[in-house]
1. Over the alpha-carbon set of the stretch 24-83, work out the extent along each principal axis and list the three values in angstrom, largest first.
2. So if each residue of separation counts as 0.36 nm, and I subtract the Cα-Cα distance between residue 60 and residue 25, what length gain in nm does that give?
3. Working out 0.36 nm times the residue gap between residue 83 and residue 68, then minus their Cα-Cα distance, what length gain in nm do you get to one decimal?
4. Please compute the length gained on full extension between residue 41 and residue 3, using 0.36 nm multiplied by the number of residues separating them and subtracting their Cα-Cα distance.
Amino acid sequence: MTVTHNGKLYHVSKMAGGYTWLFTEIGTPRNTATLNRDQMLIAGFGHIVEQCIVDTKNLRAALSKKAIARYLNDAEMLEQANEAQRKALGMRVNRNSFEVRV
């Protein structure tokens, strides 16, 4: 998503935890800022925050299912757990990692 803040264009992406967002200035990718939910609301980006709510109950269930699937070496169950994790986060995740902790 692209937004304008203080006269500059930024690309906004939600980070894996679901409660922080990364702002990257378009044209100068080294110029970045990380904002949490409260900072987003103060800056007037409440519409972005409301779009990106993480379902923590389903996320915990998906991570538990992922751990069980790895323990059992069940590839089909692991793929189902990855899909459940993607749905709970609303974003694509690395299938080989547990980078999201709630």
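1. 45, 26, 14
2. Working: separation 35, 0.36 × 35 = 12.60 nm, distance 3.29 nm.
Length gained between residue 60 and residue 25: 9.3 nm.
3. The span from residue 83 to residue 68 would gain 3.9 nm if fully extended.
4. On the way: separation 38, 0.36 × 38 = 13.68 nm, distance 1.41 nm.
Gain in length upon complete extension: 12.3 nm.
Coordinate-derived values only; no laboratory data. Keep in mind that this is a model prediction, so the values were computed, not measured.
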